[in-house]
Every structure is written in structure tokens, then in C-alpha cells.
Amino acid sequence: MKKNLETRCCPECGESLIGRSDKIYCTDHCRNQHNNKLNSDQNNMMRTINNILRKNRRLLDQLLVDEISKSTKQNLAELGLNFNYYTQTTIDRKGIVYYSCYDIAYALVERDMVLIMHRNSMIERIGHKKTATNLALVS
Ligand SMILES: [Zn+2]
């Protein structure tokens, strides 16, 4: 006696699947539609993250007027910097974390102060290249 006479359905249109047990979609059309949707969701998410990273980099670049520029966390927040997105973190010997957005890095130091510099300056400043690569960390 057969048990579990389950009906499998096409994940795109919901039609019952008839035929081979490894069949996932009812038609090639449904398979293509479904994959296109998945890809476009991923593309949307990647586009959103890339836009945030680009905006963060642009804001930092505008503030970077000296070798090392100073700002405040509040000022960066008001300008629209999203602190949850960066491309890399680097920690110096004192435990200060430098957050990079591509080629520009910033560090939160003493209370509200933020130091902004090019990554090259940051690496020179801290004297080592030990980086933890956390691509687009989202909290
Ligand atoms: Zn279908």
C-alpha cells in the first residue's frame, strides 16, 4: 500500500507536477521565470548595498580635506553615513577599529570624534596590514 501520496507542486505557478519524481517545475517557462525572479531579488539586494557603500564613500571623500580629517559621529550620521556598511575593518594595536569604505577609512576615537583618511594613510599610520575582511557587514 502506498503511503504519503504527496502532491508536488511547481514553485512558480503552483500546478501539480506530473511525471518524473525529480521534476521541479512544470515547464521550462516556469523554471526560467522562477530563476529570473530569484536573480532579480539578489540583484536588487546587491544594488542596494552597493549604493549604500558608494554613498558612504562619497560622504567620507567630501570630508577628507587633509591627510587626516576630523569629524564627529553625529555629523556623519546627519550627513547620512550608514555605519552598518563598510568593506573592511582593520584593528590597530590599541584596539581602535578602522572601517573602510573601499579606499577611505574612518575610525571612531575618543567619544564622538571620527578620523577620516585614505586606506594607505591608515595602513602607514598603524604600521601593519592585518585586516579582517568583512564585506558589507549588516547588523
Ligand atoms: Zn509551473
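Report, in deg cm²/dmol and to the nearest 500, the calculated mean residue ellipticity at 222 nm for the chain, where each DSSP H run with n ≥ 4 adds -39500 (n - 2.57) and the sum is divided by the residue count.
Value at 222 nm, helices only, nearest 500: -12500 deg cm²/dmol.
Beyond 20 Å, what percent of the Cα pairs of region 53-127 remain?
Roughly 18 percent, once rounded to a whole number.
So what is log10(I(q)/I(0)) for region 1-114 at q = 0.20, 0.23 1/Å, when the Debye sum runs over its Cα atoms only?
Listed by q, the Debye log ratios stand at -1.06, -1.24.
Using a Förster radius of 25 Å, what is the FRET efficiency between Arg93 and Thr72 based on their Cβ-Cβ separation? Nearest 0.05, please.
After rounding, the FRET efficiency stands at 0.55.
Compute the long axis of helix 28-63 from its Cα atoms, compare it with the longest principal axis of the Cα atoms of the chain, and write down the angle in degrees, 0 to 90, nearest 10.
Compared with the principal axis, the helix lies near 10 degrees.
Once you place label points 7 Å from the Cα toward the Cβ at Asp28 and Arg54, how far apart are they in nm?
The modelled label-to-label distance comes out at 3.6 nm.
Just Asn32, Asn75, Asn51 to compare: in a GNM of the chain, with alpha carbon springs under 10 Å, which one fluctuates most?
Highest fluctuation of the listed residues: Asn32.
Just Asp92, Asp22, Asp66 to compare: in a GNM of the chain, with alpha carbon springs under 10 Å, which one fluctuates most?
Asp22
Given a 10 angstrom Cα cut-off, can you work out which residue in Glu124, Glu15, Glu78 is the most mobile in a GNM of the chain?
With Cα springs under 10 Å in the chain, the top fluctuation among Glu124, Glu15, Glu78 is at Glu15.
FYI, it's all coordinate maths here, none of it is from the lab. Note that the structure is predicted; figures quoted are calculated from it, not measured. A quick note on method: Cβ atoms are made from the backbone with ideal geometry, for glycine too, and the neighbour counts reach across all protein chains shown.
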